[in-house]
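Student: Before anything else, here's the structure in question.
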Amino acid sequence: MTSYDIPFELKEKIFEIKTTDNSVLKIISYFPLTDLEQNSLVSIIKQPDFVNFNSIFTDNLTDDEWNRTKSQIKKRFQDEIFHIDDKS
């Protein structure tokens, strides 16, 4: 698998990057990425036609909102995923 040099500030917004041996198939972020962030990722992965960006949540957050709440959001998301079968 190819390794990509994604800046930390962008990497922490990404939940998962689905890849094959030599290309990215899908990038899933916690919240929708801005056009600038998407363009940066397209440049980093060197796939000019890449458009398969998805997000778990649909709300748009500012960088300030993200930085203030990212730990809580990630923890809550992980907790809910791990306990999804516990709900009756």
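Student: Looking only at region 19-53, filter to residues that are of a type in the set (Gly, Ala, Ser) and closer than 26 Å to GLU65 by Cβ; which one of those is surrounded by the fewest Cβ atoms within 10 Å (Cβ to Cβ)?
Tutor: Checking each candidate, the answer is SER43.
Student: Give the number of residues within region 54-68 that are open to solvent by 50 Å² or more (accessible area, probe 1.4 Å) and among the hydroxyl-bearing types (Ser, Thr, Tyr). Full working, then the answer.
Tutor: Narrowing region 54-68 to residues open to solvent by 50 Å² or more (accessible area, probe 1.4 Å): 54, 56-65, 67-68.
From the residues that got through so far, the ones that are among the hydroxyl-bearing types (Ser, Thr, Tyr) too are 58, 62.
Selection size over region 54-68: 2.
Student: Of the residues VAL42, VAL51, only one is modelled with pLDDT of 95 or more and in a helix (DSSP H, G or I); which?
Tutor: Only one candidate qualifies: VAL42.
Student: Which members of region 1-39 meet the condition of being among the polar types (S, T, N, Q) and assigned to a helix (DSSP H, G or I)? Give the steps one after another, and end with the answer.
Tutor: First pass over region 1-39, keeping only residues among the polar types (S, T, N, Q): 2-3, 19-20, 22-23, 29, 34, 38-39.
Of everything in region 1-39, those that are among the polar types (S, T, N, Q) and assigned to a helix (DSSP H, G or I) turn out to be GLN38, ASN39.
Student: Would you call SER71 open to solvent by 70 Å² or more (accessible area, probe 1.4 Å) and modelled with pLDDT of 85 or more?
Tutor: For SER71, the condition - open to solvent by 70 Å² or more (accessible area, probe 1.4 Å) and modelled with pLDDT of 85 or more - is met.
Student: Starting from region 1-18, take each residue that is open to solvent by 100 Å² or more (accessible area, probe 1.4 Å) and list its partners that are of a type outside the set (Phe, Trp, Tyr) and at pLDDT below 90, counting only C-beta distances under 8 angstrom and pairs at least six apart or across chains.
Tutor: Taking only residues 6 or more apart or on different chains, the pairs are MET1/ASP21.
Student: Could you list, in sequence order, all residues of region 49-66 that are farther than 17 Å from ILE6 by Cβ and free of Cβ contacts under 8 Å to residues at least 40 places away in the same chain?
Tutor: Narrowing region 49-66 to residues farther than 17 Å from ILE6 by Cβ: 49, 51, 56-62, 64-65.
Listed by number, the residues that qualify are ASP49, VAL51, PHE57, THR58, ASP59, ASN60, LEU61, THR62, ASP64, GLU65.
The values are calculated or read from the model by the stated rules, or taken from the named source; none is laboratory data. Predicted model, so just to flag it, every value in this text is computed and none were measured. Reconstructed Cβ throughout: ideal geometry from the backbone, glycine too, with neighbour counts over all protein chains shown. For accessibility, only protein heavy atoms count, side chains too; no ligands or nucleic acids. Shrake-Rupley method; radii C 1.70, N 1.55, O 1.52, S 1.80 Å.
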